[in-house]
1. Sticking with the crude label model, points 7 Å out along Cα→Cβ, report the distance from D192 to E141 in nm, one decimal please.
2. Counting pairs of alpha carbon atoms under 8 Å apart in space and at least six apart in sequence, what relative contact order in percent does region 64-143 give?
3. Using a 1.4 Å probe, what is the accessible area per residue for region 11-314, in Å²?
4. Ordering S285, S240 from largest to smallest accessible area (1.4 angstrom probe), what's the sequence?
5. So what is the relative contact order for region 55-200, in percent, with contacts set as C-alpha pairs under 8 Å and at least six apart?
6. At a 1.4 Å probe, what is the % contribution of carbon and sulfur to the accessible area of region 11-314?
7. Using a 1.4 Å probe on the protein heavy atoms only, what accessible surface does L130 show? Give it in Å² to the nearest 10.
8. Please figure out what share of the DSSP beta bridges in region 11-314 is antiparallel and state it in percent, rounded to the nearest 5.
Amino acid sequence: MLIKRPPDIRSSEITPESVYRSRRRFMRESLTVAAGAGTAGLVGTPTAVALPAEWLTAREVKAGVPLDEEMTSERDATGYNNFYEFGTDKEDPAKYAHEMTVDPWTVEVTGEVEKPGKFGLEDMLSGIDLEERIYRLRCVEAWSMVIPWIGFPVKKLIGKFQPTSDAKYVEFRTLHRPSEMRGQRSFFSNIDWPYVEGLRMDEANHPLAIFAVGMYGKLLPNQNGAPIRLVVPWKYGFKSIKSIVEIRLTKRQPKNTWNVLQPSEYGFFANVNPNVDHPRWSQASERRFPTTLFNPNRIATRMFNGYDEVASLYKGLDLGRYY
Ligand SMILES: Nc1nc2c(c(=O)[nH]1)N[C@H]1C(S)=C(S)[C@@H](COP(=O)(O)O)O[C@H]1N2
Ligand SMILES: [Mo]
């Protein structure tokens, strides 16, 4: 196995603890698998996949944004999800997202860019450094988690395609494949698939906005948006669109899924804001995982989810009107 590492730096100095621990675990497991495959008489290497586990283990992951708050367990973060393409229950994504094929994976880049195209994921990510970013995730439904993502700034990838001066927004689309996404086949779904989200250009360019390809030191599980999803920590979770297949640079503000569905309840901006309530519930507090019936672990919600450094993006904007 190929481990690219500068010769004089120990991995523990540059790789967050959780990442290199699970990487060692992976190496142990993959050695076991290889030995097993040998006795089964399998020869050769598997066919190319979008992001094989080795893709991550062969890379250094630098510590990006740390956070001095208790992390949500991997079990909760990968077992309690919103991913309506697989159903509306919190347990549905973990149960059914394995039905989605994530290799090969192509991403189409269109609209106001000098270099549009359709790219295989691995090619598209070449030369991009990975970081571990421990972020709060605040769902509009008033629960929250702390998750260690592995990813890179949105700006780094979008910059590769050279946006034109007409590019004012970025629109993202999720995979639309009803044969593998039972929520898209559902009779009861009133969502007009595919799931669409968008950011203003200055929001997409903010260093806190990332694409994630991993979490908890491993590649993303399907239920969390494999193989590539957005994470915008100062906005409600529905902005952090999963399993992206299209990135479109546009002149006009994208029509995002939840805004189209219920405009009085979900806006385009969706900045976390304890002072602007959802029409049906308060946003002043949230349930932080781990949370139980007897110990809901309720904490005060913070403006911009605690990421004050984004405030300058919204100077002069009425956040009550542009929710
Ligand atoms: N394509 C797609 N992306 C999505 C959703 C979805 O239903 N479909 N749900 C959103 C919501 S409401 C939240 S809170 C987060 C949840 O991310 P997580 O399951 O990784 O915690 O994903 C967001 N991204
Ligand atoms: Mo959400």
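1. About 2.4 nm, to one decimal.
2. Values: 60 pairs, mean separation 24.2, N = 80.
Relative contact order, region 64-143: 30 percent.
3. Working: 14010 Å² over 304 residues.
In whole numbers, region 11-314 has 46 Å² accessible per residue.
4. Details: S285 30, S240 5 Å².
Largest accessible area first, the list is S285, S240.
5. Details: 193 pairs, mean separation 37.7, N = 146.
Result for region 55-200 is 26 percent.
6. Working: 7440 of 14010 Å².
It is 53 percent, rounded to a whole number.
7. Surface open to solvent at L130 totals about 0 Å².
8. Details: 39 of 48 bridges.
Approximately 80 percent, going by the DSSP bridge assignments.
The values are calculated or read from the model by the stated rules, or taken from the named source; none is laboratory data. The shown structure was predicted, so the numbers you read here are calculated from the model rather than taken from an experiment. Every residue, glycine among them, receives a Cβ derived from its backbone with ideal geometry; neighbour counts consider all protein chains shown. Quick note on the areas: whole protein, heavy atoms, side chains included, nothing else; ligands and nucleic acids left out. Shrake-Rupley method; radii C 1.70, N 1.55, O 1.52, S 1.80 Å.
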